[in-house]
Amino acid sequence: MRYVTTRASLSNGPAPERPVSVSLKTAMLDGLAPDGGLYVPESIEPWSAAELGRLPDRTLTEIAYRALRPYTRPELDATTFEAVAVEALNFPIPLVEVEPGIYALELFHGPTLAFKDVGARTMARLMASLDTGDQPLTVLAATSGDTGSAVAHAFHGVPHTRVVVLYPDGRVSPTQEAQLTMFNSEDGNVRAYAVDGSFDDCHRLTKEAFANVDVRRDVRLTSANSVNIGRLLPQMVYYFHAVAQAARLRPGAQVHVCTPSGNFGNLTAGLIAKRAGLPIERFVAATNANDVVPGYLDSGVFSPRASVQTIANAMDVGNPSNFERMRWLYHDSLDGVRADIAGCRYTDEDVTATIRYVYEERGYLLDPHSAIAYMGLTDHLGVSPRPRHAATIKPAAAGASTRDRIGIFLATAHPAKFSEVVEPVLGRPIDVPPALAEVVSRPRHVLKINASFEAVRRTLQV
């Protein structure tokens, strides 16, 4: 398997006969392609009908091995890659029924209680297996919430690596900040910095660092956001795992999936899985007020803008990086994107009302991001009795009957990570997992910098 840049096929000018391709190691360690594009696999290996038929009989790590093995050949031998999958994915990802026909794929049972543990832990172990350089590797990541803590935890203590995380000061939850800063110390290999700005500022600063010749000469720099192909591809695994579990519950049922979306890496991984043959009938891209992709689906025009702060802060992204990969995947065809994806957006008022409704009526507790996914799925399937805010746009309902379909929404974070939102809605404290309670109780060492490139340069060249 080789990797090419999205810009090779999206350029308006004359394209080369064959795009320059690189190895997985190069794609992961470089993060961004030299032309500023994102790396994508040169091809997507399809699953056979027989393999898909055996999905319900496979474990999570067996599915991970089959889903990702094509993208690691020939750089990692089978035994090494199997060890990567087993060590990275050592926690459950269950499908839990919330109401008849509607299931939550719980992605919050990893060490930082968020879906990004899957990609970050796999990426860290892939990098450790592939990178044999003598100079330490610096992992630079911008985060709107959960990416940074997952990356920090995944790389903490990994030899010959250091991690620099940029997060928007005052725009992550207190719990997220506790997880981000838990490793800040003089002798540790992980540092998280509170930037005086938005997530878009953090993302801009990381792009400037990757584009700066002087920084790249002095520092071996790589990314850990979903712009890094090594972070994105592992997220395919839980879509395959979700369909496997759904097939056990209701063989032959049509599967619809709703993904709460910010930088759109999560959804892009699902779309790559579908391109490999995974039988998902339709995806729903559900956003908060940062709705540039639903806007694109409505109008055909992609209009990035400054992000808006919401209570679903991990999705506060005004210019999602992975939209470029979506364009590449569909050859810039709006009709192709619309055929596979419905879009919707929700307000903070929608989110709090839904958290309350689902808990009181279904006995299931949602975090703000998972609440948006629940709304997107039930609106898409036309099965939601809850009151909706007038500003919500409802996508077209699916054609299959409720007996012939199963709906899955991605529950991307444990509600205890957003207790400052959830507890006022419920009017009572919620249970906090012991590991999270221990992190939150620690003294917090917050490092603050301004939103300038020079400030970031200083953190990288220490």
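The values are calculated or read from the model by the stated rules, or taken from the named source; none is laboratory data. Being a predicted model, the structure only gives us computed values, none of them experimental. In this analysis, Cβ positions are derived from the backbone assuming ideal geometry, glycine residues included, and neighbour counts consider all displayed protein chains. Quick note on the areas: whole protein, heavy atoms, side chains included, nothing else; ligands and nucleic acids left out. Shrake-Rupley method; radii C 1.70, N 1.55, O 1.52, S 1.80 Å.
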Roughly how much of Glu208 is accessible, in Å² to the nearest 10, using a 1.4 Å probe?
-> 70
Could you tell me the accessible area of His331 in Å² (1.4 Å probe, neighbours in place), rounded to the nearest ten?
-> 150
With 10 Å bins from 0: P(r) over the range 84-162, alpha-carbon pairs, percent | 18, 43, 26, 10, 3, 0
Excluding ligands and nucleic acids, what accessible area in Å² is computed for Ser226 using a 1.4 Å probe, to the nearest 10?
-> 10
Just how large is the dipole of the range 212-279 about the Cα centre, in debye to the nearest 20, putting +1 at every Lys and Arg Cβ and -1 at every Asp and Glu Cβ?
-> 180
Say the dipole of the range 129-273 comes from +1 at the beta carbon of Lys and Arg and -1 at that of Asp and Glu; which of Ala246, Val158, Pro136 then lies farthest toward its positive end?
-> Ala246
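Carbon and sulfur atoms: what percent of the 1.4 Å accessible area of the range 210-306 do they account for?
51
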How compact and how long is the range 230-290, expressed as Rg and Dmax of its alpha-carbon atoms in Å?
-> 11.9, 36
Given H placed on each backbone N at 1.01 Å, which residues far from Arg220 in sequence or on other chains put an amide H within less than 5 Å of it?
-> Thr138
So how do Lys448, Lys417 rank on accessible area, 1.4 Å probe, biggest first, that is with the largest at the start?
-> Lys448, Lys417
Using +1 on the beta carbon of Lys and Arg, -1 on that of Asp and Glu, and nothing else charged, what's the dipole of the chain about the Cα centre, debye to 20?
-> 500
Which of Arg162, Arg217 is most accessible, then next, and so on - probe 1.4 Å = Arg217, Arg162
Going by accessible area, probe 1.4 Å, with all protein chains left in place, what is the ranking of Trp328, Trp47, largest first?
-> Trp328, Trp47
Tally Lys and Arg at +1 and Asp and Glu at -1 over the other residues with C-beta under 13 Å from the C-beta of Leu221: what net charge comes out?
-> +1
Using +1 on the beta carbon of Lys and Arg, -1 on that of Asp and Glu, and nothing else charged, what's the dipole of the range 1-93 about the Cα centre, debye to 20?
-> 140
Name the residue farthest towards the positive end of the dipole of the chain from the options Ala451, Pro174, Phe91, assuming +1 on Cβ of Lys and Arg, -1 on Cβ of Asp and Glu, about the Cα centre.
-> Phe91
Hey, any idea what the orientation-averaged projected area of the convex hull of the chain's Cα atoms comes to, in nm²?
-> 20.9
